[in-house]
1. Which of the chymotrypsin sites (Phe, Trp or Tyr not before Pro) found in the range 272-364 are in a DSSP loop and have at most 15 neighbouring Cβ atoms, other than their own, within 10 Å?
2. Search the structure for amide H atoms under 5 Å from the amide H of Gly337, placed 1.01 Å from N in the peptide plane, and list their residues when 5 or more places away or on another chain.
3. State, to one decimal in nm, how far the label point of Ile270 lies from the label point of Lys31, with both points 7 Å from Cα in the Cβ direction.
4. Report, in debye and to the nearest 20, how large the dipole of the range 270-375 comes out about its Cα centre when Lys and Arg carry +1 and Asp and Glu carry -1 on their Cβ.
5. Whole-Hz Karplus ³J(HN,Hα) for the range 281-295, in order, using 6.51 cos²θ - 1.76 cosθ + 1.60 and θ = phi - 60°, x for Gly and Pro?
6. Report the FRET efficiency, 1/(1 + (r/R0)^6), for Asp294 and His65, where r is their Cβ-Cβ distance and R0 is 51 Å, rounded to 0.05.
7. For the range 99-108, just list the computed ³J(HN,Hα) in residue order, Karplus coefficients 6.51, -1.76 and 1.60, θ = phi - 60°, integers in Hz, with x standing in for Gly and Pro.
8. Short version: ³J(HN,Hα) in whole Hz for each residue of the range 248-262, in order, from phi by Karplus 6.51 cos²θ - 1.76 cosθ + 1.60 (θ = phi - 60°), x for Gly and Pro, what are they?
Amino acid sequence: MRRVVTFIWGCLAALALIASSSSAARAQDLKPRVIVFVHGLHGNRDTWRASNGAYWPDLLRTDPHFRSSDVVVAEYPTPSMRGRYSTTQLSELLYQSLSKQRVWEHHDVVFIAHSLGGLLTEEMLLNHPSDAAHVSFVASYATPHQGSFIASFAKLYDSDPLLTDLSYADDNNFLTTLEQRWRSSPYTIPIHRYCAYETLDTASGAGIGHYLHAHARVVSFYSATYGCDVDTPPQKINTDHIDIVKPSSRQADAYTFFAKLYRDNPITNITETVRDYKVSALYVACDRTNSEADLEVPIALDPAQHEQLTAATAEFVDTQKVRDDSTIAVTKVDPGGIAHIAYSFRGRGHDLGIFGCPTGHASILVHFVVRSRVPLLD
């Protein structure tokens, strides 16, 4: 009996060791970068398949130029009629799905997004800034950054809240707020946004075209290219809204456009360092107050390393003849390298005896948190 028990425990220990080894192996099986495909309204995993059978995610997986990247095809629920999810709700479902697929465990993340998928991606990154820090760029294909005429028309008889979010931006609070948030967030400002646009009308009955009874341009040039990087011209794709993300080969414009973006944005590893800077010799007269509501303290950043200031803290040091009720706080951080500090400290009153009223002084020590993107060898 003792031998049997010993044998069983030995087997369990061996299994535990194998499981532990497998877990460790799985932790190392991710490539440095991941390319994430996000489909649009009424899309699914077949959004990326061309009429000749070519499947864009598979074209990337078998292309040696992308050997350092995993490829993930995302999915989220987009019912064909009378859906019940808003863009914000779907962006959270998308985030949860990508978390299960270990997207955020990669050093570097890039997106290929079609139509609504581009808006979902932006909303998701704004709501999850720590994960947004891993994103290099988003390649948006026919994303309606300023809304779509078809969505404005379709919402008249379809209660799907997505159509409200996709309607023209002039009266679309979601789109205008999304763009304002993107341009003001220190976590999304560094993310490149590249755009491609359709040149042909979409036939009725095809995808979002089921709302129409005639051919129409689903997303205009201006809507598809609004807010995108100006140093990389938008890419013209001579297809309609549906086929713009269905390259039939690696020579297709949709494919070569992304391949160029991939080369121009090398894979990077993200590091964070803390750098200190001291503001010295702040004096205060006897029983007076030295204060400032917005002291700007800069830190030098290296653009070659894509350095960005993400956070800062401050404290008083080297204080002499200063009261104990001093206050100091970092009120704002500019990603370009400036910490805004509000501080106040008071000098002590008269000393005993004949020595009069002393002058006090203090220094401010600022701790800057700097995020860098260090290129990895491919």
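1. Phe355
2. It is Leu309, by chain and number.
3. Result for the modelled spin labels: 2.0 nm.
4. Roughly 80 debye, rounded to the nearest 20.
5. So the Karplus estimates, Gly and Pro as x, are 6, 9, 9, 9, 6, 3, 6, 9, 10, 10, 8, 8, 7, 8, 7 Hz.
6. Details: r = 48 Å, r/R0 = 0.95.
Result of the calculation: an efficiency of 0.60.
7. 5, 5, 8, 6, 4, 6, 7, 7, 5, 9
8. Result, ordered by residue: 7, 6, 6, 9, 5, 4, 4, 6, 5, 4, 5, 4, 5, 4, 4 Hz.
Each value in this text was obtained by applying a stated rule to the coordinates, not by laboratory testing. Nothing here was measured: the structure is a model prediction, and the numbers come from that model. Using ideal geometry, Cβ is built from the backbone for each residue, glycine included, and neighbour counts are taken over all protein chains shown.
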